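Readers should treat all values here as calculations from the given coordinates under stated rules, not as data from a laboratory. Quick caveat, the model's predicted, so the values are computed rather than measured. Neighbour counts run over all protein chains shown; Cβ positions are idealised from the backbone, glycine included.
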Amino acid sequence: MKKWIFLVLVLAAGYLVFTQWDTWRAKLQEGQDASRLTTAPVIQTNISFAVNAAGEIAPVEQVSVRPEINGKLDTLPVDLGDRVKKDDLLFKLDDKELQQQRASNLTAIERAKLELGKAERDYKRAQDLVAANLISQELFDNTKTTYELAKNSLDRAERELEITKERLTKTEVRAPFDCTVLTRPVSIGQAVSGSGGFNSGTEVLTIADLNSMIINAHVNQADVPDSNSTRWSR
């Protein structure tokens, strides 16, 4: 009797193992697959990221407009917010004194020309006289010196006229590019100083090209990736 019971139990266990074998093996395979690392081909790609930073927007081109010479503002046709085209007049200094100086220079040139003409005639006459032994060498030398001094006086008068003309060109200041007026701290009639020498000059206007802007911001170095490093993605 015991043999039959043992035989039935063995057969029942064998049948159970036979029927559940596929299920048990599938669960075992799933456990092994879950513990195995997933792999994929390595490719090169770009990684996009964003960095938040505080900064300010400023124009690329911004100029503080100052005169090159001293003077008094005579014309100031622009105001805050005005858009100005390249070569348009920004401001003009009073040029009355310079115009008077120019007139004086022209008069000095005419006088120097007359003196030079007389000195040249005297010199040529002295050459003929000294050749004929009619005047002394000393008198001839004095006549020659007067002629040379007259030429120097004419050269000096002409240089002074050129300097005055150059200063007159600096009484008008025009826009170097298409711009917008940002500040205008002075008014018509105010005396301004030039930017020559050690003086930086009086700021009359601040202009900028608002079509081209730039952002000035402080970014932590840790937030900036190394451009030479290679980024990989799986």
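Key figures for this structure:
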item: Entries in Lys124/Lys151; Lys72/Lys151; Lys72/Lys165 that, when Cα-Cα distance is taken, lie over 26 Å; result: Lys72/Lys151
item: Shape box of the stretch 70-223 [Cα atoms, principal axes, largest first, Å]; result: 96, 43, 25
item: Total formal charge among the other residues, if their Cβ is under 12 angstrom from that of Glu172, Lys/Arg +1 and Asp/Glu -1; result: -2
item: Local net charge near Met213, Cβ-Cβ under 11 Å (Lys/Arg +1, Asp/Glu -1); result: -3
item: Centre separation in Å (Cα based) which lies between the stretch 88-107 and the stretch 168-210; result: 18
